[in-house]
Amino acid sequence: MLALIDVAAERTGPGGSAPETLSAKEVGRRVIELYWPQTIPYRATAQGELRVLSQAPQNDIPAKLAMWRPAHLLGPGASLEEARAADPTGWAALEAELVAIVIGMPLAKLQRFGDGRRVVGSDLVFLDPDNGLQVRSAPLTSPLASKYATVAEIAALLDDGIDVILYQHGNRAPWPEQRAHVCAQIASGTDRPLTIRSLRFGAFGVRAFFCITTSPLLADSVERGLDTLQSRVEGWERSGYLLVE
């Protein structure tokens, strides 16, 4: 959020008018600038063990940045410019990876602001909430709401011509019932004709990806991709844990 505010403030017009659009890549780079000072190791135990600020393991921007310091012999006082100069090619690859994380989450959830123009100009967005699609027990006013993607968020993306892949964490209900409920929720948010395919996996707990598109071209690509996946796992002893629908 600070990165968004910073970039928006810098792009404010001379008369105080807010910018109509922001560059997602510019916001991502500002996130890196804000996190870099927080990657300085600190002593967290009586034994002097060094630790680094950390977030969620799958999208751990501080940890990924912190690994750059010892790998390039950069001390606590090293600037971002020095980090970049230590290995320009490697830094460009790291920056691209981290910017992609920012664009995927959380910018994908902050899809609209101001007069409704989009922050992210994408053809496909992967939504990776902690739990999946919204549930009644976690309304928007709930502290737990951030763990879910909303029907309105998905509908807004689809209405902008952006297709969606949604991660869904299953519950204890039978899978056919869960799948039908998620598909009905998604369809309720838009009048557009949808193609919804799902890939369920997991031996003991259900997890799934829902591929949601309004594009016949992408629907065909998803179909071919799922067919390829099924052919690759054919004969695998755990292939029964995968279900394509």
* To do: Determine if the stretch 206-214 includes at least one residue that is outside any strand (DSSP E or B), modelled with pLDDT of 85 or more and under 23 Å from the mean Cα position of the chain (by Cα).
  => yes
* To do: Identify the single condition in (1) surrounded by fewer than 16 Cβ atoms within 10 Å (Cβ to Cβ); (2) more than 20 Å from Leu157 (Cα to Cα) that Leu199 does not satisfy, given that it satisfies every other one.
  => (1)
* Being loosely packed, with under 14 Cβ neighbours inside 10 Å, modelled with pLDDT under 85, assigned to a helix (DSSP H, G or I) and more than 19 Å from the chain's Cα centre (by Cα), is that true of even one residue in the stretch 136-152? -> yes
* Structure fact -> Taking the stretch 8-23 and keeping only residues that are of a type in the set (A, V, I, L, M), modelled with pLDDT under 75 and surrounded by 15 or more Cβ atoms within 10 Å (Cβ to Cβ), one is left with Leu22
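The values are calculated or read from the model by the stated rules, or taken from the named source; none is laboratory data. Given the structure is predicted, the values throughout are model-derived calculations rather than measurements. Note that we place each Cβ from the backbone using ideal geometry, even for glycine, and neighbour counts take in every protein chain shown.
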